[in-house]
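What follows is one structure encoded as structure tokens, with my remarks underneath.
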């Protein structure tokens with residue numbers, strides 16, 4: 001007599017199949033014990049076979065062609081779903097992969113399961129994300145080298161935006177696919193301008209990519225960044241190679257310094273965060289190509305490390321054209337100013353000539369551009385000392 005049970009082996013599967021066939025031949029009356037046994041056996045056999053003899057998903061192109069035949073469609077009928085006659089031809093001839101957008105349109109318009117059409121793991125990963133992939137500044141990202149392996153046109157980049165952006169972000173440790181400014185742990189200093197969250201997100205990801213590409217030999221020790229440490233750093237500004245020396249100074253302390261131009265509608269001067277290995281990351285956009293702006297922004301971000309980074313704040317994102325700010329920003333401004341020019345040495349009353357600016361700079365062992373920049377800022381006159389103290393930064397760093 002056959003005892004019904006969970007099927008665990010090929011032998012048990014054969015026995016269950018033999019019993020199933022016997023019951024089917026007997027054609028038991030509905031509701032009888034044999035009919036119930038037949039129904040239960042069918043479920044157990046199906047469960048065993050699905051685990052041990054899985055059926056592969058049909059090939060996506062074969063599935064499309066099969067559905068076209070069912071619906072009496074020809075190639076041109078797929079244009080609304082794929083985009084153009086040439087794209088339809090390339091897709092059906094397996095010369096062009098399906099994009100996530102094509103998959104969605106085909107699934108909706110032809111009733112083909114998206115699971116059947118999805119060919120790449122990256123498509124499976126992004127298919128259910130509520131993200132507007134075309135909202136990213138794709139043209140600028142391409143121009144900036146965010147997609148080093150992509151050589152196609154902007155139109156192609158847009159067609160496969162989800163796939164390329166996901167590949168761009170996937171290698172970044174600890175960076176989740178959630179727009180930066182929707183994070184509760186992001187602190188933004190701005191002038192209430194309409195920030196493009198997708199551009200901000202892409203910029204942050206690129207900063208972290210650069211950080212991971214340049215591992216540091218020295219581990220960071222909490223408490224390294226102090227007012228005295230920052231003051232020592234400020235003295236490097238006296239050298240024509242000050243910005244390069246600053247990078248070396250930070251790297252030796254286990255702090256990353258990244259230069260990444262801002263993207264449209266991010267309005268960023270600088271940012272600071274904690275990298276994947278626990279080391280602080282300072283990022284500067286250099287959108288104002290002036291030596292004084294470089295040093296103040298650098299000191300402002302370092303002040304955040306010294307005063308505010310406690311492991312809970314993921315990012316500080318700073319538009320330093322925004323005056324004042326909240327208490328946190330005011331504290332960072334104050335420490336940055338004090339590190340560059342101590343308040344005890346500061347008086348705009350006597351700083352009315354290039355000679356006076358140079359003299360104070362020599363006393364403090366800093367660049368006169370820093371002194372002149374603060375005079376301009378506090379006097380509200382950005383034309384002061386333009387001819388004498390207006391050094392550029394990007395040429396020193398040899399970046400465009």
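With contacts defined as alpha carbon pairs under 8 Å and 6 or more residues apart, what's the relative contact order of the range 9-85 in percent?
Relative contact order of the range 9-85: 21 percent.
I want to verify a result. In a Gaussian network model of the chain, Cα cutoff 10 Å, which of these has the top mean-square fluctuation: 31, 228, 242?
The residue with the greatest mean-square fluctuation here is 31.
Which three semi-axes in whole Å describe the equivalent ellipsoid of the range 88-172, each the square root of 5 times a Cα gyration tensor eigenvalue, listed largest first?
23, 15, 11
Averaging over all projection directions, find the projected area of the Cα convex hull of the range 180-340 and quote it in nm² with one decimal place.
8.6
Does anyone have the angle between helix 291-307 and the longest principal axis of the chain? Alpha-carbon axes, 0 to 90°, nearest 10?
Helix 291-307 sits at roughly 60 degrees to that axis.
Which of these, 333, 59, 269, has the largest mean-square fluctuation under a Gaussian network model of the chain (Cα springs below 10 Å)?
59
Name the shape class, rounded, prolate or oblate, that the alpha-carbon gyration tensor gives for the range 344-397, where a ≥ b ≥ c are the square roots of its eigenvalues, rounded holds for a/c under 1.5, and otherwise prolate holds if a/b is larger than b/c and oblate otherwise. Could you put the intermediate results ahead of the total?
On the way: a/c = 1.91, a/b = 1.28, b/c = 1.48.
Verdict is oblate for the range 344-397.
Return a whole-number percent for the relative contact order of the range 344-397, with Cα pairs under 8 Å and 6 or more residues apart as the contact set.
26
Could you tell me the center-to-center distance, by alpha carbons, between the range 5-78 and the range 90-158 in angstrom?
34
Nearest 5 percent is fine: what portion of the DSSP beta bridges confined to the chain is antiparallel?
55
Restricting to Cα pairs below 8 Å that are 6+ residues apart, what does the relative contact order work out to for the chain? Please round to a whole percent.
12
Using the alpha-carbon atoms, what tilt in degrees (0 to 90, nearest 10) does helix 368-379 show relative to the longest principal axis of the chain?
90
Averaged over all directions, how much area does the convex hull of the C-alpha atoms of the range 60-119 cover when projected, in nm²?
Hull-based average projected area comes out at 3.4 nm².
Of 22, 356, 271, which is the most mobile in a GNM of the chain whose springs link Cα atoms less than 10 angstrom apart?
Fluctuation is largest for 22.
Read-outs throughout are calculated quantities, based only on the coordinates presented, and are distinct from any laboratory measurement. If you're wondering where the values come from, they're calculated on a predicted model, not measured in any experiment.
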